[in-house]
Amino acid sequence: MNLLSVNCRGCGLRQLVEEKRPVVVFLMETRMGEERSLGLKRNLGFPNTVVVKSEGLSGGLMLLWRRDVVVAELSKSRSHIDVHMSCDSLRISQLRLTVFYGEPRRERCKESWYLM
């Protein structure tokens, strides 16, 4: 399974997705609300997504996946998305994927460690 994880501020995301053709993409620091995130999902050609909208001009997470992947969301917060995945075409019956973006402010790092 090809998975791409990117801190997406100014990264040439569309080119990366076209070149690498990932099945799953995790984006951090999207700095987007849900509506704008859904537009990005369509632009990149992914039919499915889990979005954690940003808080003002910081944060924001997105997990995107292709049509043949089945995802069940377990939990999400401003720092993580936790899912079960399966994909018959890749012969993956069940996979747990937890994507995580740690707190960048030093005084709040303990919160990230506690969550993890």
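The values are calculated or read from the model by the stated rules, or taken from the named source; none is laboratory data. Computed from a predicted model, the values in this text were never measured in an experiment. Note that we place each Cβ from the backbone using ideal geometry, even for glycine, and neighbour counts take in every protein chain shown.
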- Task: Could you run through segment 70-93 and say how many residues are within 13 Å of Asn48 (Cβ to Cβ), touching a residue at least 24 places away in the same chain (Cβ under 8 Å) and within 14 Å of the chain's Cα centre (by Cα)?
- Result: 3
- Tell me, which strands (runs of 3 or more DSSP E) wholly within segment 16-101 include 2 or more residues that are surrounded by fewer than 12 Cβ atoms within 10 Å (Cβ to Cβ)? 70-76, 92-100
- Message: Let me spell it out: the conditions are (1) within 22 Å of Glu111 (Cα to Cα); (2) of a type in the set (Lys, Arg); (3) touching a Leu at 6+ places or on another chain (Cβ under 8 Å), and Lys53 meets all of them except one. Which number is the exception?
- Response: (3)
- Note on the structure: Restricting attention to segment 94-116, the residues that are over 16 Å from Ile81 (Cα atoms) and at pLDDT below 90 number exactly 7
- How many residues does segment 94-106 hold that are without any contact (Cβ under 8 Å) to a residue 12 or more places away in the chain and either basic (Lys, Arg) or touching a Ser or Thr at 6+ places or on another chain (Cβ under 8 Å) (or both)? 3
